[in-house]
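A.B. asks: Quick one: structure below, then a few questions.
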Amino acid sequence: MDPLSDPDLSQGTTSALRLSGVAAPRRAGTSGLEGVDLEVAQGDFLLVHGEAGAGKSLLMSLAGLAVRPAAGRIEVLGLNPWRLATAGRARLRRRMGLVFQDLNLIEGMTVAENAGLPMRIAGIRPDTYRRDVTELLDWMGLGDKAGAFPEDLDHDQRQRLAVARAVAGRPEVILADEPVGWMGPEAAGRVLRLLLQLNRQGVTLVVASRNPDLAPARRRLALVGGRVLPEAGT
């Protein structure tokens, strides 16, 4: 059986992400989540905003399958990841582009190798994706850093590299937690334009930020005290 198959879930779903009654315990300095109900349609753009410590990173970690919920149900692209075998869950995560605040860059790989990692994992030959990686790094203003290592970059550059890696594999869903928090205005604008362009091409985009006006999202939700509150008009 295909490890991604789940006979109890519909493969024809139009939801990219669904959380039903999800709860997670608080972490140091952060609110826990209580009874979160959230659905994001395929191709949608959702901006989740809230103050520092509101639980945004915890919510994104749950959606990105880095944390298992204490209660409730999560579905990603119509699948319940926690009912899949480990290999199946890994394959599901490869359909997602993830930007967490800790970035998770691989220090022993060059900038170009980090950016190309999703395509390498997908089995694409380096000589096939090398041009795409070069163009992407150029767009991110990292073209002259391709042979450097993450430790050689400042935080702004590391954050741009994390975004580059997240989009390089042409994911179906992008989850980005404060994706431009450390960037100057020019770099931030460039990254946001790229994310918006991918969303226009059909990629589902979920962004968490303290700035409720970060980008022109179709939907916005406020996270307050571990609860998700829809804004008026959404």
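The values are calculated or read from the model by the stated rules, or taken from the named source; none is laboratory data. Remember, predicted model here, so these are calculated numbers, not experimental data. Methodologically, a virtual Cβ is constructed for each residue, glycine included, from the backbone with ideal geometry; neighbour enumeration extends over all protein chains shown.
A.B. asks: Count, please, the residues in region 175-234 that happen to be acidic (Asp, Glu) and at positive phi.
C.D. replies: Residues flagged as acidic (Asp, Glu) and at positive phi within region 175-234 amount to 1.
A.B. asks: Restricting to helices (runs of 4 or more DSSP H) lying wholly in region 42-128: which have 1 or more residues that are in contact (Cβ under 8 Å) with a residue 60 or more places away in the chain?
C.D. replies: Per the criteria, 56-63, 86-93.
A.B. asks: It is to be established whether one or more residues within region 158-180 are touching a Pro at 6+ places or on another chain (Cβ under 9 Å), under 25 Å from Pro212 (Cα atoms) and of a type in the set (S, T, N, Q).
C.D. replies: yes
A.B. asks: May I ask you to say which residue of Ala23, Ala54 is surrounded by fewer than 20 Cβ atoms within 10 Å (Cβ to Cβ) and either at pLDDT 95 or above or not hydroxyl-bearing (Ser, Thr, Tyr) (or both)?
C.D. replies: The unique qualifying residue is Ala23.
A.B. asks: Out of (1) within 22 Å of Leu58 (Cβ to Cβ); (2) crowded, with 17+ Cβ neighbours inside 10 Å, what's the single condition that is false for Arg83?
C.D. replies: The one condition Arg83 does not meet is (2).
A.B. asks: Among the residues of region 147-196, which ones are aliphatic (A, V, I, L, M) and surrounded by fewer than 20 Cβ atoms within 10 Å (Cβ to Cβ)?
C.D. replies: Residues satisfying the conditions are Ala148, Leu153, Ala187, Ala188, Leu192, Leu194, Leu196.
A.B. asks: Then there's this: For region 167-207, which positions are in a helix (DSSP H, G or I) and in contact with a helix residue (DSSP H, G or I) (Cβ under 8 Å, 6 or more places away or on another chain)?
C.D. replies: So the first thing to find is which residues in region 167-207 are in a helix (DSSP H, G or I), and the list is 167-168, 185-200.
Passing the criteria: Val167, Ala168, Ala187, Arg190, Val191, Leu194, Leu195, Leu198.
A.B. asks: Among what's in region 208-224 and is in a strand (DSSP E or B) and touching a helix residue (DSSP H, G or I) at 6+ places or on another chain (Cβ under 6 Å), pick the residue that is modelled with the highest pLDDT.
C.D. replies: Looking at residues that are in a strand (DSSP E or B) and touching a helix residue (DSSP H, G or I) at 6+ places or on another chain (Cβ under 6 Å), I get Ala208.
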